[in-house]
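Enquirer: My questions will all concern the structure given below.
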Amino acid sequence: MLEFAVQYQTAIDSITGDQDMKMHELELDSGEWKLAKQLHNTLKVFKHAKLYFSCKTPSISTVIPVMNHIDEHLATTAENSHYSVALHSALAIGKQTLNKYYNKTNYSEVYQITMILHPRHKLKYFESTGWQEDWIVTAQSIVCNEFDRT
């Protein structure tokens, strides 16, 4: 809906600005349109993630990379000084919520095992994303212990 509104801003302004249509109270001012565009740009990453995980072949090995991508997007967007204060506050809450769920992956060995066994990721993923050395060693030992157990 927001994407549609931003795409058709001129038409919406024309309709809501027309006195005969009696929709003047719905007309957005330039500040509201600016916020709509900022929201649209910010929320795009969530739309793409939702569509990706709705496809036929989502995989648990993609959960952590997608969460990292969203986290990076929120952090980068939050640094944009041109964005509104309200949006900065919303981004902080969004990042906090994302981190709450991201931290839950630390308690599930499935994520570490899946990432290490994935041919594209292996331990290099953890190294490239800045995991602490002791976390990487722990993840590796989880895989070894599970292998030995089965």
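Enquirer: Residues Glu3, Glu72: which one is closer than 30 Å to His121 by Cα and not aliphatic (A, V, I, L, M)?
Expert: Criteria check complete, one pass: Glu72.
Enquirer: Just to confirm my filter: which helices (runs of 4 or more DSSP H) fall fully inside the stretch 1-63 and include at least 2 residues that are within 21 Å of Ser84 (Cβ to Cβ) and under 25 Å from the mean Cα position of the chain (by Cα)?
Expert: Correct list: 2-7, 30-53.
Enquirer: Which residue pairs have Cβ atoms under 8 Å apart, sit 6 or more places apart or on different chains, and have a first residue in the stretch 63-81 that is assigned by TED's automatic domain parsing to the domain that holds Thr42 and a second that is surrounded by fewer than 16 Cβ atoms within 10 Å (Cβ to Cβ) and assigned to a loop (DSSP other than H, G, I, E, B)?
Expert: Pairs found: Asn68/Thr129.
The values are calculated or read from the model by the stated rules, or taken from the named source; none is laboratory data. If you're wondering where the values come from, they're calculated on a predicted model, not measured in any experiment. So basically every Cβ, Gly included, is an ideal-geometry build from the backbone, and we count neighbours across all protein chains shown.
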